[in-house]
Amino acid sequence: MKKVIITGTSRGIGFELAQQFAKNNFQVLALSRNKKPLDDLKLKNITTLSVDVCDQGDIEKVSNFIQKNWKEVDVLIHNAGFLINKPFENLTKNDFLRVYDVNVFGVAELTRICIPFLKKGSHVVTISSMGGIQGSLKFPGLAAYSSAKGAVITLSELLAEEYKNQEIAFNVLALGAVQTEMLAEAFPEYQASLQADEMADYIYNFATTGNKFYNGKVLQVSNTTP
């Protein structure tokens, strides 16, 4: 059985993704601070770990699990995200650090500890945002979030180059609006046209086949223009 690690699996896209992979005969390591929603489903093939991607001790739990139980990882999906919607003049340095800790530093550190277990043909997929794309429509209040999502795009491009000789693929999906709890919390009045399960289906297919066609690329997954 192939093995996938997914972050941010307590709700939204990550919650749906974990189920999708499990039902398609993957062994799933589901990482989130709250593992109860997936535990309650009692699905086979899913192992949950209570992990805060900003906590070094929690990240080490992931490394220990892989070393003890799996030895290798086929797919790594960085889905966990954190958003602050606040006017720029009200954003503090701590706000920026909190957003970057989840969306950038957590991605970098989890990738770093997984590198020894990734192999030829492994695929690392980072979920970014259209807000991180240069030239895309930007929304007031998202200075920390959108700039962080731009940072992980550059990080993924760099890692694709650094590990191309090992034939480990790194790609980014820059998502448009998806109707998730995080979106509803940040923009209560906004209704997206795509649901979490629909986007999870797309991400599943990309994560399992996209590395045959792409490496170091950023795909814009949005049904709006720009």
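The values are calculated or read from the model by the stated rules, or taken from the named source; none is laboratory data. Just so it is clear, the model here is predicted, and its values are computed rather than measured. Ideal geometry is used to build each Cβ from the backbone, glycine not excepted, and the neighbour counts take in all protein chains shown. Please note that ligands, DNA and RNA were not included when accessible areas were found on the heavy atoms of the full protein model with its side chains. Shrake-Rupley method; radii C 1.70, N 1.55, O 1.52, S 1.80 Å.
Any residue in the range 168-179 that is free of Cβ contacts under 8 Å to residues at least 12 places away in the same chain and over 17 Å from LEU76 (Cβ atoms)? Working first, answer last.
Going through the range 168-179, the residues free of Cβ contacts under 8 Å to residues at least 12 places away in the same chain turn out to be none.
Within the range 168-179, not a single residue is free of Cβ contacts under 8 Å to residues at least 12 places away in the same chain and over 17 Å from LEU76 (Cβ atoms).
Tell me the residue from ALA186, ALA151, ALA108, ALA143 that is at pLDDT 95 or above and over 26 Å from ASN215 (Cβ atoms), please.
Working: ALA186 fails: at pLDDT 95 or above; ALA151 fails: over 26 Å from ASN215 (Cβ atoms); ALA108 fails: over 26 Å from ASN215 (Cβ atoms).
The unique qualifying residue is ALA143.
Restricting attention to the range 119-131, and to residues there that are open to solvent by less than 20 Å² (accessible area, probe 1.4 Å) and over 14 Å from the mean Cα position of the chain (by Cα), which single residue is farthest from ASN205 (Cα to Cα)?
Per the criteria, the residue is GLY131.
Is it the case, given these coordinates, that LEU158 is assigned to a helix (DSSP H, G or I), on the phi < 0 side of the Ramachandran plot and at pLDDT 95 or above? So that I can check it myself, show each step before the final result.
Numbers: assigned to a helix (DSSP H, G or I): yes; on the phi < 0 side of the Ramachandran plot: yes; at pLDDT 95 or above: yes.
Judged against the criteria, LEU158 is a match.
List pairs: first residue in the range 194-218 and assigned to a loop (DSSP other than H, G, I, E, B), second residue surrounded by 15 or more Cβ atoms within 10 Å (Cβ to Cβ) and among the charged types (D, E, K, R) anywhere in the structure, Cβ distance under 9 angstrom, at least six positions apart or on different chains.
So the pair list comes out as GLY216/GLU157; LYS217/GLU157.
Please specify each residue of the range 88-102 satisfying the condition of being in a loop (DSSP other than H, G, I, E, B) and hydrophobic (A, V, I, L, M, F, W, C).
First pass over the range 88-102, keeping only residues in a loop (DSSP other than H, G, I, E, B): 91-92.
Matches in the range 88-102: LEU91 only.
Search the range 35-61 for residues being closer than 19 Å to MET1 by Cα and of a type in the set (A, V, I, L, M), and hand back the single one that is surrounded by the fewest Cβ atoms within 10 Å (Cβ to Cβ).
Per the criteria, the residue is LEU43.
Which pairs do you get when a residue that is touching a residue at least 12 places away in the same chain (Cβ under 8 Å), found in the range 92-119, comes within reach of a residue that is surrounded by 15 or more Cβ atoms within 10 Å (Cβ to Cβ) and among the charged types (D, E, K, R), reach meaning Cβ atoms under 7 angstrom, with the pair 6+ apart or on two chains?
That search, which allows pairs on different chains as well, returns ASP95/LYS86; ASN103/LYS149.
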